[in-house]
Amino acid sequence: MWALPARRAQRHHAGIRTSKNSCNLLYSRSNGTSSNDIGKLLGSNLKILRNIMLQDDTEFIKVWSKTSKSLVFYESGWIYFDNYRCCYSSLLPQPELLYRLPKTEKIEDALLCQCPLDTVLPKASDQKPFLLALTKDWLYRLSAETGKTLEHVYLSSHLKFRSLGWDSCQETFYVKSTQNKQTVLERQACVDNDILMRLAIFQVFPLDFVGMLEISKKIFGKTAVDVLLSQGVLAISHSSKHVKLYSFEYILEKFRVEKLSLGQQCDINGVKGIVGEAPFGIPVNIHIHGKYDILLLFNTFVDTAYCNVHLMCFSTECPPVLFEMSYLESGVQIGGHPWHYIYTPNHKRHTGTHHICSITDGTLAKNGVQEMRFDSLEADWIFFHPDDSGRIVHAGPSTINVLKIMADPGCDWKYEIVADFSITAARDNNVPAVTVTSSGRTVRRRFQLLDDDPGQETFRMVKYEDEIDLLAVVEITDTENEGQAHLRLHDNKNGLLMKRVPLKEPWDVTYSHEVYFDRDTIIHTVQDKSNTFSCHVYKMKRRSDES
């Protein structure tokens with residue numbers, strides 16, 4: 001996996017507001033003296049919200065709960081149940097049902113799209129948020145508020161599609177097919193089907209077709225197992241634990257045989273149809289060239305299957321590899337300012353370490369080997385900070401380090417990793433190795449306490465709320481043999497603890513949990529013991545003065 005920072009639109013500043021007091025800001029708004037710049041006004045409103053949230057008399061109260069037999073998904077104020085068929089709005093004081101779709105085909109995956117504010121689109125419906133919902137052979141564009149079908153695209157009659165992903169967030173996305181597995185008849189007939197999967201790429205505003213590409217093992221390697229498209233980079237993962245990156249722009253310009261649009265009549269390889277309509281669907285219009293030189297041809301029998309066996313010399317014009325890296329675990333992440341990548345070298349002696357290297361020449365940064373020494377059942381995790389600061393977050397059960405990539409003062413072209421700040425959990429390091437019971441019996445502790453021991457304060461998640469610039473850290477402690485969770489809110493600039501919010505639900509580490517923090521709302525989804533899922537919603541409220 002890798003992370004590439006999203007581009008942000010450039011906007012002229014509307015002036016600098018010097019007041020920091022929430023009451024003064026509200027007073028200036030009531031007098032009509034606030035900026036006419038909608039972005040500046042929104043920023044001021046969010047500062048007011050942050051100030052109110054961090055006050056001592058502000059708390060988060062659980063206002064709503066709901067159970068589900070399937071996973072619960074949340075994004076930008078919408079809560080989805082039953083594989084995206086049932087949608088609730090969390091923007092109201094209590095979540096309310098927006099729509100419930102009829103049960104027809106299973107929705108495999110979905111993406112929420114928010115239209116750009118600086119662009120006027122042809123259709124009024126395009127300006128409102130919508131959901132891209134994927135079934136095995138259809139792509140639907142649904143209204144995020146009503147669930148009404150705004151547009152539908154037929155993908156294929158013989159392929160099955162499983163997942164959606166952003167190439168460039170809110171600009172282009174891809175649809176990935178299921179992996180192609182060789183059938184018994186193909187094996188018996190000596191037919192080598194080298195196509196791993198297909199990747200169809202679309203632009204979002206307006207919805208249109210860019211191209212479809214076959215991921216061929218003869219082109220990208222026999223060990224290829226998966227593919228990902230991010231920020232114009234096509235990444236091919238291999239079973240040998242290495243990844244190769246290619247420029248999708250180069251592939252598009254070099255190998256797209258015909259530029260097509262949805263609704264266009266086309267003829268590809270003698271097959272005619274309308275792009276995006278049944279039964280034609282989406283054609284493969286990106287072909288990486290390959291040449292076959294037949295050396296020998298003869299007939300044979302394999303069991304009861306008759307087949308032709310070709311001995312061939314295969315040559316191809318492969319796209320150039322931009323970047324190739326072998327890793328031990330957790331893949332490769334790319335990000336930071338300037339560009340760096342994080343990986344674990346493919347050798348057992350590097351287990352548990354994270355190496356931070358320049359993507360320009362692969363040079364290891366000074367202090368670029370990051371390692372947390374702790375005893376825990378869970379591994380640490382590391383990622384590029386999503387706030388576009390270029391920093392790195394390295395988190396473990398008792399410590400969260402926020403790191404910066406800085407130019408090495410001793411060398412202009414080298415970089416070093418320095419600590420920005422750290423967040424540490426409360427640790428009781430004075431637990432006696434020998435205790436005496438009430439009856440006078442001496443008990444010796446035979447094992448060293450783990451860093452994620454239930455009796456110790458432990459970090460489980462780190463999230464970033466970009467609109468109010470807070471780090472949300474899930475902290476777990478053990479109370480009467482039951483895990484108790486708190487959401488800690490830390491200043492994103494210096495790591496100072498600003499607020500600690502208790503979550504009412506017990507935290508059982510043997511089951512999956514997810515916590516979302518979005519402005520004035522906290523959402524906690526839990527997998528229950530009966531293999532059902534629960535969703536709990538908390539809202540920010542001010543405590544009333546006691547009379």
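The values are calculated or read from the model by the stated rules, or taken from the named source; none is laboratory data. This one's a predicted model, so the numbers in the text were calculated from it and none came from an experiment. Positions of Cβ are backbone-derived with ideal geometry, glycine not excepted, and every protein chain shown enters the neighbour counts. When the accessible area is computed, the model is the full protein with side chains, heavy atoms only, and any ligands, DNA or RNA have been set aside. Shrake-Rupley method; radii C 1.70, N 1.55, O 1.52, S 1.80 Å.
Side notes on the structure shown:
Condition check ((1) hydroxyl-bearing (Ser, Thr, Tyr); (2) under 23 Å from VAL243 (Cβ atoms)) across all residues:
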| position | (1), (2) |
| --- | --- |
| ILE342 | no, yes |
| ASN346 | no, yes |
| ARG349 | no, yes |
| HIS385 | no, yes |
| SER398 | yes, no |
| PRO409 | no, no |
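- Some residue of segment 448-455 being at pLDDT below 95 and surrounded by fewer than 11 Cβ atoms within 10 Å (Cβ to Cβ): yes
- The condition of being open to solvent by 30 Å² or more (accessible area, probe 1.4 Å) and either over 29 Å from VAL402 (Cβ atoms) or at pLDDT 85 or above (or both) holds for only one of CYS307, CYS313, that being CYS313.
- Residue ID - nearest to PRO93 (Cα to Cα), chosen from residues in segment 513-531 that are charged (D, E, K, R) and not in a loop (DSSP other than H, G, I, E, B): ASP518
- Scanning segment 104-156 for residues being open to solvent by 30 Å² or more (accessible area, probe 1.4 Å) and among the aliphatic types (A, V, I, L, M) gives a total of 4.
- Check on LEU403, over 19 Å from the mean Cα position of the chain (by Cα) and surrounded by 19 or more Cβ atoms within 10 Å (Cβ to Cβ): yes
- Top-ranked residue of segment 87-103 - restricted to ones that are of a type in the set (A, V, I, L, M, F, W, C) and within 21 Å of ILE522 (Cβ to Cβ), ranked as most open to solvent (accessible area, probe 1.4 Å): LEU91
- Residue within segment 370-391 that is in contact with a strand residue (DSSP E or B) (Cβ under 7 Å, 6 or more places away or on another chain), of a type in the set (Gly, Ala, Ser) and under 21 Å from LYS463 (Cβ atoms) present: yes
- Selected residue (criterion: farthest from the chain's Cα centre (by Cα)) from residues of segment 248-260 that are touching a residue at least 60 places away in the same chain (Cβ under 8 Å) and within 16 Å of SER216 (Cα to Cα): PHE255
- Of the criteria (1) closer than 26 Å to THR399 by Cα; (2) out of contact with any Gly (no Cβ under 8 Å at 6 or more places or on another chain); (3) at pLDDT below 95, which one SER544 fails: (1)
- Being assigned to a strand (DSSP E or B) and touching a Leu at 6+ places or on another chain (Cβ under 8 Å) is a property that does not hold for VAL537.
- Residues that are assigned to a helix (DSSP H, G or I) and crowded, with 16+ Cβ neighbours inside 10 Å, drawn from segment 49-59: LEU49, ARG50, ASN51, MET53
- Any hit, segment 500-509, residues being within 23 Å of PHE384 (Cα to Cα) and not in a strand (DSSP E or B): no
- Subset of segment 459-482 [among the charged types (D, E, K, R) and open to solvent by 20 Å² or more (accessible area, probe 1.4 Å)]: ARG460, LYS463, ASP466, GLU467, ASP469, ASP478, GLU480, GLU482
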